[in-house]
Structure formats: C-alpha cells, structure tokens
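Below is one structure, written out as structure tokens; the observations come after it.
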Amino acid sequence: MESRPEIARAAAEAAARQSYGKLVAWLAARTRDVAAAEDALADAFAAALERWPKSGVPEKPEAWLLAVARRRRVDAVRRRLTREAARDHLQLIAEEIEARMTDEELPDERLRLMFACAHPAIEPGVRAPLILQTVLGFDAATIASAFLVSPATMGQRLVRAKARIRETGIPFRVPERAELGERLDAVLEAIYAAFAEGWSDPAGTETRRRNLATEGIWLGRLVATLMPQEPEALGLLALMLFAEARRTARRSAEGDFVPLAEQDCDQWDRALIDEAEALLSHAAASGVVGRYQLEAAVQSAHAARRLTGRTDWPAIRALYDALFSIVGSPVVAINRAVALAETEGAMAGLAALYVLGDDKRLDEYQPYWAARAGLLAKLGQVPQASEAYDRAIGLERDPAVRRFLQGKRAALRN
Amino acid sequence: MRYMLMINNDESALAAMPIEKTQQMSAAYSAYTEALKKSGAWLAGERLRPTQATTSVRIADGKTNVIDGPYADTKEQLAGFYMIEAADIDTAIEWAARCPAASTGTVELRPIWEMADYLPKT
C-alpha cells in the first residue's frame, strides 16, 4: 500500500502533468506574460505538494491550483498598482475581472498558447522547444537533450522567447485560415519532434523521454480535436498512433530489438491501429495530401500485414516517391531506397543509396549505414557490408539495436 | 501598444529612380499615411533627409566628436518612421506590410518601451 503522502504527491504530479499547459495558457492569456504565469503556477504546485499530503487531495485539483496561482498573481499586480495612486481604478478593474472569471468554466487556451509560441516573430528553432516547455512543462535540460543543445543555451533561448512574447505584443490566438499554414506546420513539427524523441527510446527506460511520446500523442489529439478540418493534423495523429501501436512488439521478451519485418503482428495494438485508419481516411477525404498523411499511409501499409500476411512494397515505394517529392530530405530518400530494394532488388536500392552518399549529414546518421550494410550483405559484398555495419554500430545509442547490428555483422562471416 | 515602424531603404537606388516612379512612390506614401490616420492607428510619422545631411555626434574621452555621415555605413539607411498604435504585433505587422517601403527596403518594427514599464516604482 502506498502511504497517504505518496498518493497525494502522485495526485499533485498527475494534476501537474495534465493541467500544466492549460493553467499556464489560461494565466498568461491576457497578460501575455508566460514567465510570470509559470512562476505563479510553480508557487501553487509547491503549496499543493506541501498541503495535500496533510489535508487530502481537493475534489477539483485543477481549480485549487488555479485559485492559488491566481491569488499569487493578483497579489503581485496589486502590490504594483497600489504604488501608483493614479491607477486605483485599474486595480478595481483587475479585481473585477478576476472575480468574474472564478464562476466561469475555465476556458482552454492551450491551442492559442501553442500558436503564440509558433508565431513568425519567434525564432524558428525555438518554437518547438517553447511549445514543449509552456504546454508540457518540460524543463530546459530535458528539452535541450531532445534537441541536442546544451541546457544553458536552451534555457537562454527559452527565456528570450518568453520575453519576446510579452514585450513585442505577440497575441494568443489561433491564426486565420490564410495564415494558418506556416504556423500549423510549426505546431505539428513540435508535436512530431516530441513524439519521435520519445519513440526512439523503445525500452521506455528513460521515463522522461517515454513521456515525450505520450505527450506528443496527447497534443496531437488536442490539435486534431480542435481542428478536425485540417487533414495534416489528422495525418500526424494517425502516424503517431500507428507507431505507438507497435511499441511492445519492438522488443522480445529478452529485451532484444525486433525489426519491423520480424515483428509479431498479434502484439500490435489493434484499437490504436483502427483509430489511426479511421483518422487517415477522414484526412484523405479532404483531397489535400501532405507529408504526415503520406507517412501515416506508409505505416498503414505496414500495418496491413496483420491482415494479408505480406507487405505491399510497391505501394510503400509509391508513397515514398510522393513523400520525397514533397519533403525531399535524405531521411526520406533512405526509406525510399529500402523500398526500392524490396521492389527492384538490392542493387537498385544500393544505387539509390550511393547517390545520397555525398550528403555529409549522413556520415553520422545510423539508419543510412544500417540500410547500406543490409543491402551490401544481400549482395554478398562481405567486406563492404561489415565496414558499413561497423559505422552503424558506432553511431547507435540504443544498446538493444547495437546488439542487433552486431549480430548481423557476425552473421556475415558464415 | 505603441510601435515604431522604421523605414530602411537603399538611398542610392532611390536617388537613381526616374521622376515618374518617385512621384508614384510619394503618392503611395500619402495614401498609406491617410489609411493609417483614418483607422486611428497613426500617432506620428516623418520622412528623413538622406544621409548626406546626417551628422553623428558622440562624446569620447570627454571630447565631443562630430562626424559627417551616418552612424553605421550599411547599404540600407534609416529614411523615415511612423509611430502607430496597434493591439498586438500581428496588427503592427499588417501595417508594416502595407507600407510602401516594405517592397523597396525593410520596415523594422519595434514596440515602444512605455515609460510606466521601466521607470522605478516609487
């Protein structure tokens, strides 16, 4: 049995996880002062962690936290205003507004906050991290590790971005349809980045990163619910659900890495796959194709193996062709080369990979070397394959995948 | 919020402009200023004489240095400004985009740091 303080602590943490973004967004909506909202909320969480273990968890934890945070902020405003006698009436107005809000349902400002963080006046590279911090409450160090930047640099950028929201007058609003494109892209990109970072830790050993995947799906659901008319928002959610459905199948009982082609379809989460399929067909009805829908369609083709017993590589190859024409990244090109090898033979796939070899970014990209090694092995070019496996092994950070690659390399000699 | 729109233009390109185009541009600026005023966003705005009329002053080691020319020698120079009232930066960006200078040079947008926000509270 857990002790009462532990239960209270868990309740406070759950409330923090679920309500952080909602509360920050609400508290900062009118003042645009995200940093001040976070400070007030931090005080409220500290008070909760101190009080709830003694007095019990309140019936509505979210309302309790909001009340405390709001009191802190009103106190701060009042202290400032009372020093300026000429502004007495402003204080009255502020109090009146706060009082009125108490009775109303807490409006959900999260989406507006996300779009404020994705505003073109915010440096592009910090938009996704800013969303992760203000909406999910991740600390700068966690975000820094996900975005391969030093915590100090990330911390600085986040502070600067929050100051910019306040000082330059960036509004909290969902953009009009015409200007949605660029900003929705940034929001979806942040969500995908959160998910991908979490998903790349399949063992779930690092809880923080595991949370990133869960939170990515949660945010994806939020955006898809609020914007059901946006096909790419639906496509991204579908994509994440397809991937999530395979989470447990990616490891054997012994903790070994299981590649997609060898996964046991019965271990895939049927409910998640069904939901993803429904989202994808709903998105397709709009007639506007985008990168997330295409990536989800690839996942859908893989998922179909549970029904047909085989993988439709020509379909996957066609999808990657389309994706490459939209995104054109070397990452997409590698996947396309793998599909090409399945449809036209290892030599064709390898030729497509060699064309990419000039891209210096691939020198440190494990999937490139793993794909290359696999195709060379198929062609019986043992020394080159073994060299490519060495590169891939050296670049891999996941021990299970490293063991898998080492096994492949060892099998070459037979 | 109050915002300052700073117009930065390539002076030499403007000087080389044929007379009809110059007239066209003046008309565009008049129309823009009129639109700002009608909407209630206009607070102030002036055109500046070219940098050949510029003098830069700085005191170094207790000595006043007076230099003939602008502070920074770049391709684009400050050529004029507008001060506007806008609800938020999106509204200000809309006004900046309508400014004729946005198509010929750059319009730099900066919020005014209101005195009440930075003066020490007594």
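Could you check how many residues of the range A:145-187 are more than 13 Å from A:A118 (Cβ to Cβ), open to solvent by 10 Å² or more (accessible area, probe 1.4 Å) and not in a helix (DSSP H, G or I)? Going through the range A:145-187 one residue at a time, the tally reaches 6.
Checking the condition more than 12 Å from chain A (Cβ to nearest Cβ) and either more than 27 Å from B:S12 (Cβ to Cβ) or open to solvent by 40 Å² or more (accessible area, probe 1.4 Å) (or both), which residue from B:D117, B:D88, B:D73 passes? Give the derivation first.
Values: B:D117 fails: more than 12 Å from chain A (Cβ to nearest Cβ); B:D88 fails: more than 12 Å from chain A (Cβ to nearest Cβ).
The match here is B:D73.
Checked against the criterion of being basic (K, R), within 14 Å of another protein chain (Cβ to nearest Cβ) and either over 30 Å from A:C117 (Cα atoms) or assigned to a strand (DSSP E or B) (or both), the range B:14-33 has no qualifying residue.
Could you please let me know if A:L260 is of a type outside the set (V, I, T) and modelled with pLDDT of 90 or more?
Numbers: of a type outside the set (V, I, T): yes; modelled with pLDDT of 90 or more: yes.
Yes; evaluated as a whole, the condition is true for this residue.
Here A:A337 does not fit the description of being free of Cβ contacts under 8 Å to residues at least 40 places away in the same chain, closer than 27 Å to A:S252 by Cβ and buried (at least 21 other Cβ atoms within 10 Å of the Cβ). Looking at the structure I just gave you, is A:A400 out of contact with any Pro (no Cβ under 6 Å at 6 or more places or on another chain) and free of Cβ contacts under 8 Å to residues at least 60 places away in the same chain? No, not satisfied.
Look at (1) at pLDDT below 85; (2) within 14 Å of chain B (Cβ to nearest Cβ); (3) closer than 20 Å to A:G137 by Cα and you find that A:R166 fails only one, number (1). Applying the criterion of being surrounded by fewer than 17 Cβ atoms within 10 Å (Cβ to Cβ) and of a type in the set (G, A, S) to the residues of the range A:124-144, the residue that is farthest from the other protein chains (Cβ to nearest Cβ) is A:A141.
So which of A:L356, A:L350 ends up being in contact with a Lys or Arg (Cβ under 8 Å, 6 or more places away or on another chain) and farther than 25 Å from A:L237 by Cα? Even if it seems obvious, please write down each step before you answer.
Numbers: A:L356 fails: in contact with a Lys or Arg (Cβ under 8 Å, 6 or more places away or on another chain).
Testing whether each residue is in contact with a Lys or Arg (Cβ under 8 Å, 6 or more places away or on another chain) and farther than 25 Å from A:L237 by Cα leaves just A:L350.
Residue-wise test of (1) β-branched (V, I, T); (2) open to solvent by 50 Å² or more (accessible area, probe 1.4 Å); (3) touching a Gly at 6+ places or on another chain (Cβ under 9 Å).
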position: B:A28; (1), (2), (3): no, no, no
position: B:L36; (1), (2), (3): no, no, yes
position: B:A53; (1), (2), (3): no, yes, no
position: B:Y82; (1), (2), (3): no, no, yes
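Provide a single number: the residues in the range B:104-114 that are more than 19 Å from B:E85 (Cα to Cα) and within 12 Å of another protein chain (Cβ to nearest Cβ). The number of residues fulfilling the criteria is 0. The set of residues in the range B:1-40 that are closer than 30 Å to B:M115 by Cα, of a type outside the set (F, W, Y) and in contact (Cβ under 8 Å) with a residue 12 or more places away in the chain comprises B:M1, B:R2, B:M4, B:L5, B:M6, B:I7, B:N8, B:N9, B:T33, B:A35, B:L36, B:G40. For the range B:99-114, enumerate the residues that are under 19 Å from B:M1 (Cα atoms), modelled with pLDDT of 90 or more and either open to solvent by 60 Å² or more (accessible area, probe 1.4 Å) or not in a strand (DSSP E or B) (or both). Residues satisfying the conditions are B:C99, B:E108, B:R110, B:I112, B:W113. Scanning the range A:113-144 for residues that are in a loop (DSSP other than H, G, I, E, B) and farther than 18 Å from A:F195 by Cα yields a total of 5. For the range A:27-39, the set of residues classified as assigned to a helix (DSSP H, G or I), open to solvent by 10 Å² or more (accessible area, probe 1.4 Å), within 22 Å of A:E215 (Cβ to Cβ) and not charged (D, E, K, R) consists of A:A35 only.
Remark: pairs (first residue in the range A:131-152, of a type in the set (S, T, N, Q); second residue open to solvent by 50 Å² or more (accessible area, probe 1.4 Å) and assigned to a helix (DSSP H, G or I); Cβ separation under 7 Å; 6+ apart in sequence or on different chains) = A:T142/A:R208.
Is it true that some residue in the range B:43-57 is in contact with a helix residue (DSSP H, G or I) (Cβ under 7 Å, 6 or more places away or on another chain), within 14 Å of another protein chain (Cβ to nearest Cβ) and touching a residue at least 40 places away in the same chain (Cβ under 8 Å)? If you could, list the steps in order and put the result at the bottom.
Within the range B:43-57, the first condition is being in contact with a helix residue (DSSP H, G or I) (Cβ under 7 Å, 6 or more places away or on another chain), and the residues that meet it are B:45, B:50-51.
Next, from what is left, pick out any that are within 14 Å of another protein chain (Cβ to nearest Cβ): none.
The answer is no, given that none of the residues of the range B:43-57 is in contact with a helix residue (DSSP H, G or I) (Cβ under 7 Å, 6 or more places away or on another chain), within 14 Å of another protein chain (Cβ to nearest Cβ) and touching a residue at least 40 places away in the same chain (Cβ under 8 Å).
The values are calculated or read from the model by the stated rules, or taken from the named source; none is laboratory data. The shown structure was predicted, so the numbers you read here are calculated from the model rather than taken from an experiment. Backbone-built Cβ (ideal geometry, glycine too); neighbour counts: all protein chains shown. Side chains included, ligands, DNA and RNA excluded: accessible areas come from the protein's heavy atoms. Shrake-Rupley method; radii C 1.70, N 1.55, O 1.52, S 1.80 Å.
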